[in-house]
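Asks: Before we start, here is the structure in question, set down as structure tokens.
The numbers here are math on the coordinates, done by the rules we state, and not lab data. Here the structure is a predicted model, which means the values were calculated and not measured. Positions of Cβ are backbone-derived with ideal geometry, glycine not excepted, and every protein chain shown enters the neighbour counts.
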Amino acid sequence: MIDALGDNAAETLLDIMRFVFFDTDYVAKACPATVEYPCVTFSDVTDSAVFQRALVHDGGSNVFYALTFQAPTQAELDAMNPGAVLDSFRLAGATTATEAARADDREAMFNAVVSGNVNLRSCASTNCAIVGQALNGQVVPVVAQDGDWYEIKWENGTAFIASWLTTRGPDVHVDLTEGYFDRTTGCGLVLRKNRGDTDLYFAISGDRQDDVWVDLYRVNENKPLDVAGQYVKEFIDTKEIYIHQSYYWGTWWPSGVYRIELTLDGESSMIGFDFESGAEHIIYVHCE
């Protein structure tokens, strides 16, 4: 028998015990020490048999297994070694933990940005147990895909999130105010914020400034923002020529994770950074 006990598992487990064994005497016993999950065993005796029953959590969701061992006498019941069976749950859990640890070692295929506050599941289905919640705008690393679901790194293992509740995220999520060098395109980026109205534009320089494509994606958007214009300008101090890439006046600039897509010589990178309203943002892109 398998029962989905829900969030109040401890209380529900006690209710089941009282209901099933209301008219019998039973003795509560500790499960074997190697069983790492919430576990209760109890025995009761009838005129013709000895029973030992256990409710054991499977460790992967809010599901409990009810196990019954029956023998004519207590000695024969002990010979069945029920504890060894219960230990197998610990071994199954250890396998799951090992797989989770291996998942931590997997490199992310890409990142996804969460759209809204989204439940995370223990497997790739809405029928699976909820194991956590990702928040709107949160960046999560995707290590595998199962149909319409992404398996993501989460806490000490992995969890599953519905792909339709995310947008394609950046390959990396960095602090651009500290600068970042993209090895794929060979371009360096740095963000400077000035006081003023919320705005953003790019200053693209270097020998490859005419070859690189710079696209900008706002929070949770899959289409790059339309460019209003590109103008050739000159840095005041160095006199170096650069391309000033700007966007239309009145563009809405919500706070959250923005993405920059750099494309050069057929190679591209998606770089995520945090955007905060209330300042003028200048992103310098230098490609040699």
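Asks: What FRET efficiency, computed as 1/(1 + (r/R0)^6) with R0 = 51 Å and r the Cβ-Cβ distance, is obtained for Y248 and A129, rounded to the nearest 0.05? Intermediate results must be reported in sequence, preceding the final value.
Replies: Working: r = 46 Å, r/R0 = 0.90.
Calculated value: 0.65.
Asks: Using the Karplus equation 6.51 cos²θ - 1.76 cosθ + 1.60 (θ = phi - 60°), what ³J(HN,Hα) coupling, rounded to whole Hz, does each residue of the range 74-86 give in order, writing x for Gly and Pro?
Replies: Computed from phi, the couplings for the range 74-86 are 5, 5, 5, 5, 4, 5, 6, 6, x, x, 5, 5, 5 Hz.
Asks: Taking the Cα-to-Cβ direction at D148 and at Q74 and moving 7 Å from each Cα, how far apart do the two end points lie in nm?
Replies: Between D148 and Q74, the label points sit 5.7 nm apart.
Asks: Per 0.36 nm of contour for each residue apart, how much would the distance between N136 and Y231 grow if the chain were fully extended, relative to their Cα-Cα spacing?
Replies: Using 0.36 nm per residue and subtracting the Cα-Cα distance, I get 30.7 nm.
Asks: Project the alpha carbons of the range 191-288 onto their principal axes and report the range along each, largest first, in whole Å.
Replies: For the range 191-288, the Cα spread along each principal axis is 33, 32, 21 Å.
Asks: Packing-wise, with mean Cβ within 10 Å as the measure, how do 191-203, 73-85 rank, highest first?
Replies: Final packing ranking: 191-203, 73-85.
Asks: Once a ≥ b ≥ c are taken as the square roots of the eigenvalues of the Cα gyration tensor of the range 123-171, is the result rounded (a/c under 1.5), prolate (a/b larger than b/c) or oblate (a/b not larger than b/c)?
Replies: Cα axes put the range 123-171 in the rounded bin.
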